[in-house]
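The numbers here are math on the coordinates, done by the rules we state, and not lab data. Just so it is clear, the structure is predicted and the values come from calculations on it, not from any experiment. Here the Cβ is made from the backbone with ideal geometry for all residues, glycine too, and neighbour counts use every protein chain on show.
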Amino acid sequence: MTLERREGSDAITDAALLASAVQGDRAALARLYDRYAAPAYSLAVRLVGAAPAEDVVHDTFMALVERPGTFDPARGSFRAWFMTSVHRRCLTLLRSRQRLAGEESLPESPDPDPEPAEALVQRLQDATVRAALETLAPPQREALVLAYYGGLSQTALAARLGVPLGTVKARMRRGLLALRGILQGERVDESEGVVE
Amino acid sequence: MSHEEALSLVPIYALGALDEDVEALEEHLDGCAVCGAQLATYLETTSRLGEAVTQAPLPPRLRERVLTSAMASRPRRPSFLRLMQPLSRFAMPAAAVLVVVAIGLSGGLAAQQRQLHAQQTALALDEQGLALLTSTETTNERLNPAPSLGSEPHGHWYHRPGVSTQVVVVEFMPAPPAGQSYYGWLQHRNSSWQPVGPIPLNSQGYGRSILLGSDGSDVVAVEVTRQTEASAAPLGEPLLRWAAS
């Protein structure tokens, strides 16, 4: 699944639509919804399930119009900001579920029923992203996938993988750096982390 | 938190996996253009991960639910300053002029339309600057401080061949004396000077200015001065400077 990019046929920028929506322009908000609701909802379904996903998307749009200043163009595109907001809301929900499941004494303990990283990758619909992830060294891919799609914090990830925290952080750092380079079409030097 | 520590944590933060030092990192991000630009590129990557999942059909009722409740709950009288918050760390002269114009007008539809136009114009300019800062092909030159400033204040000049946008960023700058502002300058190969414009600072001593219209390919020096008013060429000694070797 790929979003229609702002540079495409729909030339009105996200920032302009947001400014109009905050002024009460329902049509502008509808266009933002039509651009981003589908990928946002799909991500939320993947992370927290269908019913909570609906609330996550709803609440993210609500926060957007109530507190438009939380979107800072200096920190990235609207698309990235919106997907990040949805992801963070899902992580909050996932981690509170873990605590409610009786893990108060180990709030960062791993998902009790985690899906293997390789299975998560194979279920991705975007072949480009899937291929890019498969290019990474397996430990880096595992760390990235379990962190992003599994919602595991660095501490939880270290506990699950049975490796030092520093190792997990290095794998995430190198893995995301390499993935960024691959998706941007760069040549990535091995020392930058394609091979750990 | 040091810059190096922050830079090493940015990818983990982008993944949502950081569970310690989050506040310290966010505080650093508020004042560091380099880490901010890195975060922006990492969030572009993580958002690709988010978009890569199997598509789930949207519940038909969700669109109406979102539109109805969002329109009902939006601020009735939105704070102008709050709307402009995204620009507070990325202020630019053109936006400042438009904002002053918008604020100077009384209420009414015409004022609201001008205000909205100002926001849209400023945001569009902001996005052009952001696109440059986050491009992997952008060149970044460091502006070093004069001895009188100490070692921490510094600046960066971002440019990219073929892209008619340049950004001058200053960081950790002391607040200028009352009545003075920081101004950016580009010196061309023929020795002429081109003003970048005033560079307002935020509370962390961070500021930036965007210049449209040229790609900086013939720029041989970049300076930041502190002066009481705009001028055709820099007044006084540079406080920050980079020069081609």
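Along the axis of the charge dipole computed for the range B:1-74 (Cβ charges of +1 for Lys and Arg, -1 for Asp and Glu, origin at the Cα centre), the listed residues B:Met1, B:Leu39, B:Thr54 are led at the positive end by B:Thr54. On full extension, the segment bounded by B:Ala175 and B:Glu152 gains 6.9 nm, given 0.36 nm per residue less the C-alpha separation. For B:Val220, the residues whose amide H sits under 5 Å from its own are B:Gln187, B:His188, B:Arg189, ignoring neighbours fewer than 5 places away on the same chain, with H placed 1.01 Å from N. Ranking of A:Val168, B:Val66 by neighbouring Cβ atoms within 10 Å, starting from the fewest: B:Val66, A:Val168. What the phi angles of the range B:11-22 give under the Karplus curve with 6.51, -1.76 and 1.60, with θ = phi - 60°, is a coupling list of x, 5, 4, 4, 7, x, 9, 6, 10, 8, 6, 5 Hz, glycine and proline written as x. Using θ = phi - 60° in the Karplus curve 6.51 cos²θ - 1.76 cosθ + 1.60, the 3J(HN,Hα) couplings for the range B:163-180 round to 10, 7, 9, 10, 10, 10, 10, 10, 9, 6, 7, x, 4, x, x, 3, x, 10 Hz; x is entered for Gly and Pro.
Within the range B:1-74, the proportion of Cα pairs with more than 19 Å between them is 53 percent.
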